[in-house]
1. Non-local amide H neighbours of Glu145 (under 5 Å, H modeled in plane, Pro and chain starts lacking H): which ones?
2. Amide H to amide H, which residues 5 or more places from Asn171 or on other chains are under 5 Å from it, using H placed in the peptide plane?
3. Set the Förster radius R0 to 22 Å, insert the Cβ-Cβ distance between Lys175 and Asp120 as r into 1/(1 + (r/R0)^6), and round the FRET efficiency to 0.05.
4. So which GluC sites (Glu not before Pro) in the range 47-132 end up in coil per DSSP with only 16 or fewer other C-beta atoms within 10 Å?
5. Once you've got the Cα coordinates, tell me which of Lys187/Lys273; Lys5/Lys207; Lys175/Lys262; Lys53/Lys244; Lys100/Lys134 are over 20 Å apart.
6. Around Ile271, which amide H atoms from residues at least 5 apart in sequence, or from another chain, sit under 5 Å from its own amide H, with H modelled in the peptide plane?
7. Once phi is turned into θ = phi - 60°, what whole-Hz ³J(HN,Hα) does the Karplus curve with 6.51, -1.76 and 1.60 give for every residue of the range 56-68, x standing for Gly and Pro?
8. Could you give the alpha-carbon Rg of the range 129-277 over 2.2 N^0.38 Å, rounded to two decimals?
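The values are calculated or read from the model by the stated rules, or taken from the named source; none is laboratory data. None of the values given here were measured: they were computed from a predicted structure. Cβ placement follows ideal geometry from the backbone for every residue including glycine, while neighbour counts extend to all protein chains displayed. Only protein heavy atoms, including side chains, enter the accessible area calculation; ligands, DNA and RNA are left aside. Shrake-Rupley method; radii C 1.70, N 1.55, O 1.52, S 1.80 Å.
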Amino acid sequence: MAVKKNKPTTPGRRRSSSLTYEELTKKKPEKSLLKIIKKKAGRSKGKITVRHKGGGHKRFYRLVDFKRHNFDVPAEVKSIEYDPNRSAFIALLAYEDGKKSYVLSPTGLSVGDKILSSKDKIEIKNGNRMPLEKMPPGSFIYNIEMNPGQGGKIVRSAGLRAALMGVEGKNAQLKMPSGEIRLFDKKSLATLGQVSNADHINVRLGKAGKKRWLGIRPTVRGKAMNPTDHPHGGGEGSTPVGMKHPKTPTGKPAMGKTTRKKNKKSNRMIIKKRRKK
C-alpha cells in the first residue's frame, strides 16, 4: 500500500496525504455482516464522561470474527475491504460449509487464497490461526487471545505484529509491538502474519475537518482556560502550568503518571515492561 501526496489545490490539501487503497477489491460491504451503530458522543445519561467526542461520519459496523472458532473448515478469501471502524483492512471469507465472515486481513493476503483455523498444527501461512504451542519460535503473529477461547484482544491495529519467542511449561513468551515481553497461555489462539495497512501511520490528515469525520472534536489547552475550568488556568498572558506536575481537569496527575494498578493479577505475566524505568 502506497501513500500519495495530494496536489496543493487548497490550504487543506497542501500538506495532506492519503492511501492509494490499491489492495482493496470491493467497495460495498456484505449486507448480512453489517450492524447499525448508535452514537453516544462521549455521553452517559446525558452527561459528558469523555471529552472531545462527537459528530463523525455516518457508518455501519462490520461484524468482524475475532475468534475464528470454525475449526478445520477451509475458507476462501472473497475480497479485501475497507473498514471505517478500524485502521486495518478486513477480508471477507467464504467457508466450505456455506458460512461467511469478516476477519482482520494480514499483509500479503489476496483474493482466492485459502486459509484455515485449527487447534492442531497446520501449515505456517499468513492468515492461518492456531494455538501458540503449535507455532514455531520466531513466528510473527497478531489478533492474540489473552485467555483461551476468549477471542483476539490485542495486536489488532494496522501494521502491528508480535513475535513468538518460545514456549515453556504452560506459557508462551511473546514480544509485543511496544517492546514489552509477556507470558500468555500456550493454548491461546493467534493468527500468523502482520496486520494489513502498515502505511496507515504515514498518512497526514492535513485539515481539521478530517478529524471531525473521525468523531474527534477540538481540544482546548488547559492553560488557555480560566482557573474555575481547569487547574492549569489563570494568569496573565502566556503562562506555564504553575505547579509541580500537570493535572487533568478534575485535578488528577496527568502526562506520565502510571494508571495501571500495582497489584493487578496479570502483572505476574509481564517479564519485561515496555518502560525503561
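1. Here the answer is Lys153, Leu189, since their amide H atoms fall under 5 Å of that of Glu145.
2. Lys186
3. 0.30
4. Glu96, Glu123
5. Beyond 20 Å: Lys187/Lys273; Lys175/Lys262; Lys53/Lys244; Lys100/Lys134.
6. The list, which skips near neighbours in sequence, is Ile181, Arg182, Leu183.
7. Using θ = phi - 60°, the values come out as x, 6, 5, 7, 9, 8, 8, 7, 8, 8, 8, 8, 6 Hz.
8. Relative to the rule-of-thumb radius for its length, the range 129-277 sits at 1.43.
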